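Participant: Take a look at this one; I'll ask things after.
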Amino acid sequence: MEKDVRSKLWHIFAFLGLAWLYLLLASSQAMETWTRQTIGTNLSVFNTFLVMSLIVLSSVILLINLYSYSIFREVRYLLFTVLALLLTTLYGLQLLVRVEHVIKSPFSELVMTQLNIIIMISMLIILLAKLFFVRHDIYSKLPLRQVPVLLGMIVALLVVLYFVLRTGATFNNQWIMAILFLLIFSNILGYLIKYVSASDQYAESILFVGIVHLATFIYPPFGENLSGYTQLIASLMRVISLAFMSHAFYKHLFQSYLGQMVEADKAREAYTTNLEQLVEERTQRLKAANSILEEEIDSAKELQRSMMPAKDISYRAVSFVSENIACDKMSGDFFDIYDIDDHRVGMYILDVSGHGINAALMNIYCYHYIRSTSPLVKRYLGDKPSRNLLHLYQEFNKMGFPDEMHMVLLIAAYDMRSKRLTYCSGGLNGEPIVVHRSGEISRLNQSSGFPIVKMGEYFEPEYVDATIDLEAGDRIIFYTDGLVDVRQPFDMMEEDLLELMLRYADRPLSQLHEAINARIEPFRSDLVDDVSFIILEVEE
């Protein structure tokens, strides 16, 4: 304790020594002569630079305290923010005087003096209020967004005060100076006692700034004009004191952070006293929960897989092969092949945004909708897929799915008697490719409807059916964009897919199926998107 007091006394002597050094340098004719010979005509430039440095330092103090207030919401940081604003204004007025030979100053010497004194008195009153009334952490209820309003009101008040003084209003200089000096010595004495009796970085920096500014204020004696040399020494001392203060505020800000970290560390130590046992218990619980979750996901995966058709399906006059490879536990792609009646076969393929459980749940919704026994759904299932898509769009928008969820799909029905395929696209992102037995290539691109999205409140799309007549031996591949995605590791483009279709045109459908799978299989664990496709072949 005694060592701490001794250290503080040394600091006070250092502050007083710097003030004494200012008085010594300011009154030294030899030093003034040497300075003028060394700097010469640049003396005014150096003075202006130092005043600008004072503005920068006071602005830094303002920003540090404003940031501290935004974090801790303590009244003292708000008071220091207001103080820094007034100090910045004070030095801003000094800068105006310095450049009045370049920019005509709107301030007369009398108005300037009175305005400076009023600002200084305001600052000293705030410092006294901080000293006597804000001794402990007091939290402000002023919202952060209102702080700029408060600072703006202070600036507006200073502007009003300027216009009042400009009209010729004046005050009793003797009384004002008496109040000013009383406030100065009250603050210095108060912060001196607080610094010695308590470890307060703010008290130390305020005491230092106060001693230096008092020394530069009382010499030369009030009423005498400051020479350029004296202004240089005074501004230099003030820069040193404000740099010390800004460092103190900056250091205190991070010490406050450090204090919070220490408290958090203590809480962590208390929490982790039996860390090994606690971690082991929670690890076992997490493993058990994860095991249950994995089992449930596997069950859901099997359920989704069971809802998909067999990979090889044959009807009387048409055959299908299909594949679905998920890049995640569960697929966001889905398709189905089903008989509508004795001579018509229905099918659809869809791609839900994303993949995983959410996308799989959307697949189940579509499955039950399209397989619905609703008369409206069954009525248009084979003849007008467009009506099914429109109804699906409307029903989808009634559901509580997240707004970002959407899907693209294509619904088709094949009539085995007429060999006609009727289809309608809901924005499917891959155009089905038709390879005719004659070798001709075409695409199912006559229907490119709107995706199923949550926009029913603003827009109802128009879906249009399209048809294509097929012949025995014709093949169509329906696929999602994961099959030809450039990001996929197996590197298959639409041209590659078409080349495979043509190469295996005269071979059994199962061989074409195997050839496509052979390209994908080595990269199954590295897929970036789900892969799904259906290949239809018209038979005799």
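Participant: Look at ALA515 and say whether it is closer than 22 Å to LYS419 by Cα, surrounded by 12 or more Cβ atoms within 10 Å (Cβ to Cβ) and not acidic (Asp, Glu). So that I can check it myself, show each step before the final result.
Facilitator: On the way: closer than 22 Å to LYS419 by Cα: no; surrounded by 12 or more Cβ atoms within 10 Å (Cβ to Cβ): yes; not acidic (Asp, Glu): yes.
Taking the combined requirement at face value, the residue does not satisfy it.
Participant: Output the number of residues of the range 430-453 satisfying the condition of being closer than 22 Å to GLU395 by Cβ and surrounded by fewer than 18 Cβ atoms within 10 Å (Cβ to Cβ).
Facilitator: Count: 1.
Participant: When residues of the range 242-256 are filtered for being free of Cβ contacts under 8 Å to residues at least 60 places away in the same chain and surrounded by 23 or more Cβ atoms within 10 Å (Cβ to Cβ), how many remain?
Facilitator: Final tally of qualifying residues: 0.
Participant: When the range 398-419 is examined, which residues are found to be surrounded by fewer than 16 Cβ atoms within 10 Å (Cβ to Cβ) and either of a type in the set (S, T, N, Q) or under 16 Å from ILE535 (Cα atoms) (or both)? Please lay out each step first, then the result.
Facilitator: Start the filter on the range 398-419 by keeping residues that are surrounded by fewer than 16 Cβ atoms within 10 Å (Cβ to Cβ), which leaves 398-400, 402-404, 417-418.
SER418, the sole residue that qualifies.
Participant: Could you count how many residues in the range 392-425 are more than 18 Å from LEU483 (Cβ to Cβ) and part of a strand (DSSP E or B)?
Facilitator: Taking the range 392-425 first, the residues more than 18 Å from LEU483 (Cβ to Cβ) are 392-406, 411, 413-424.
Applying the additional criterion that residues be part of a strand (DSSP E or B) yields 411, 413-415, 420-424.
Of the residues in the range 392-425, 9 are more than 18 Å from LEU483 (Cβ to Cβ) and part of a strand (DSSP E or B).
Participant: Here is a follow-up. Here are LEU498, LEU502: which of them is assigned by TED's automatic domain parsing to the domain that holds VAL408, under 47 Å from the mean Cα position of the chain (by Cα), assigned to a helix (DSSP H, G or I) and over 12 Å from GLU323 (Cα atoms)?
Facilitator: Details: LEU502 fails: under 47 Å from the mean Cα position of the chain (by Cα).
Just a single option satisfies the conditions, and that option is LEU498.
Participant: Another question, then. Report every pair of residues separated by at least 6 positions or lying on different chains whose Cβ atoms are under 8 Å apart, first residue within the range 469-489 and farther than 18 Å from GLN446 by Cβ, second of a type in the set (S, T, N, Q) and part of a strand (DSSP E or B).
Facilitator: Pairs that qualify, where the first residue is farther than 18 Å from GLN446 by Cβ and the partner is of a type in the set (S, T, N, Q) and part of a strand (DSSP E or B), are THR480/SER532; GLY482/SER532; LEU483/SER532.
Participant: Okay, moving on. Condition (residue is assigned to a loop (DSSP other than H, G, I, E, B), in contact with a helix residue (DSSP H, G or I) (Cβ under 9 Å, 6 or more places away or on another chain) and either modelled with pLDDT of 85 or more or of a type in the set (A, V, I, L, M, F, W, C) (or both)) applied to the range 74-96: is it met by at least one residue? Can you show your working first?
Facilitator: Going through the range 74-96, the residues assigned to a loop (DSSP other than H, G, I, E, B) turn out to be none.
So far as the range 74-96 goes, no, none of its residues is assigned to a loop (DSSP other than H, G, I, E, B), in contact with a helix residue (DSSP H, G or I) (Cβ under 9 Å, 6 or more places away or on another chain) and either modelled with pLDDT of 85 or more or of a type in the set (A, V, I, L, M, F, W, C) (or both).
Participant: Say we look at the range 315-335 and pick out the residues that are of a type in the set (Asp, Glu) and at pLDDT below 90; which of these is surrounded by the most Cβ atoms within 10 Å (Cβ to Cβ)? Explain how you work it out, then say what you get.
Facilitator: Of the residues in the range 315-335, the ones of a type in the set (Asp, Glu) are 323, 328, 333.
Restricting the remaining residues to those that are at pLDDT below 90 gives 328, 333.
Values: ASP328: 17, ASP333: 29.
Applying the filter and picking the extreme gives ASP333.
Participant: For the condition under 30 Å from GLY400 (Cβ atoms) and touching an Asp or Glu at 6+ places or on another chain (Cβ under 9 Å), what is the one hit in GLY473, GLY449, GLY456?
Facilitator: Details: GLY473 fails: under 30 Å from GLY400 (Cβ atoms); GLY456 fails: touching an Asp or Glu at 6+ places or on another chain (Cβ under 9 Å).
Going through GLY473, GLY449, GLY456 in turn, the sole match is GLY449.
Participant: Would you mind stating whether LEU131 is in the same structural domain as LEU62 (by TED's automatic domain parsing), assigned to a helix (DSSP H, G or I) and surrounded by fewer than 17 Cβ atoms within 10 Å (Cβ to Cβ)? First the steps, then the outcome.
Facilitator: Details: in the same structural domain as LEU62 (by TED's automatic domain parsing): yes; assigned to a helix (DSSP H, G or I): yes; surrounded by fewer than 17 Cβ atoms within 10 Å (Cβ to Cβ): no.
In short, no.
Participant: Cβ-Cβ below 9 Å, separation at least six or inter-chain, first residue in the range 111-128 and assigned by TED's automatic domain parsing to the domain that holds PHE163 and free of Cβ contacts under 8 Å to residues at least 40 places away in the same chain, second among the polar types (S, T, N, Q) and surrounded by 16 or more Cβ atoms within 10 Å (Cβ to Cβ): which pairs?
Facilitator: Pairs that qualify, where the first residue is assigned by TED's automatic domain parsing to the domain that holds PHE163 and free of Cβ contacts under 8 Å to residues at least 40 places away in the same chain and the partner is among the polar types (S, T, N, Q) and surrounded by 16 or more Cβ atoms within 10 Å (Cβ to Cβ), are MET112/GLN94; MET112/SER105; ASN116/GLN94; ILE119/THR89.
Participant: Using the structure shown, decide if LEU24 is part of a helix (DSSP H, G or I) and either of a type in the set (Ser, Thr, Tyr) or surrounded by 13 or more Cβ atoms within 10 Å (Cβ to Cβ) (or both). Quick ask: steps written out before the conclusion?
Facilitator: Details: part of a helix (DSSP H, G or I): yes; either of a type in the set (Ser, Thr, Tyr) or surrounded by 13 or more Cβ atoms within 10 Å (Cβ to Cβ) (or both): no.
No, not satisfied.
Participant: Testing LEU527 on (1) under 23 Å from ALA412 (Cβ atoms); (2) in contact (Cβ under 8 Å) with a residue 24 or more places away in the chain; (3) surrounded by 13 or more Cβ atoms within 10 Å (Cβ to Cβ), one condition comes back false. Which one is that?
Facilitator: LEU527 satisfies all of (1) under 23 Å from ALA412 (Cβ atoms); (2) in contact (Cβ under 8 Å) with a residue 24 or more places away in the chain; (3) surrounded by 13 or more Cβ atoms within 10 Å (Cβ to Cβ) except (1).
Participant: A further question on this structure: So for the range 58-65 (the condition being more than 16 Å from PHE244 (Cα to Cα) and in contact (Cβ under 8 Å) with a residue 40 or more places away in the chain), does at least one residue qualify? I'd like the intermediate steps shown before the answer.
Facilitator: Initially, the range 58-65 is screened for residues more than 16 Å from PHE244 (Cα to Cα), giving none.
So far as the range 58-65 goes, no, none of its residues is more than 16 Å from PHE244 (Cα to Cα) and in contact (Cβ under 8 Å) with a residue 40 or more places away in the chain.
The values are calculated or read from the model by the stated rules, or taken from the named source; none is laboratory data. Since we're looking at a predicted model, the values are computed, not measured. Cβ coordinates were reconstructed from backbone atoms using ideal geometry, including for glycine residues, and neighbour counts include every protein chain displayed.
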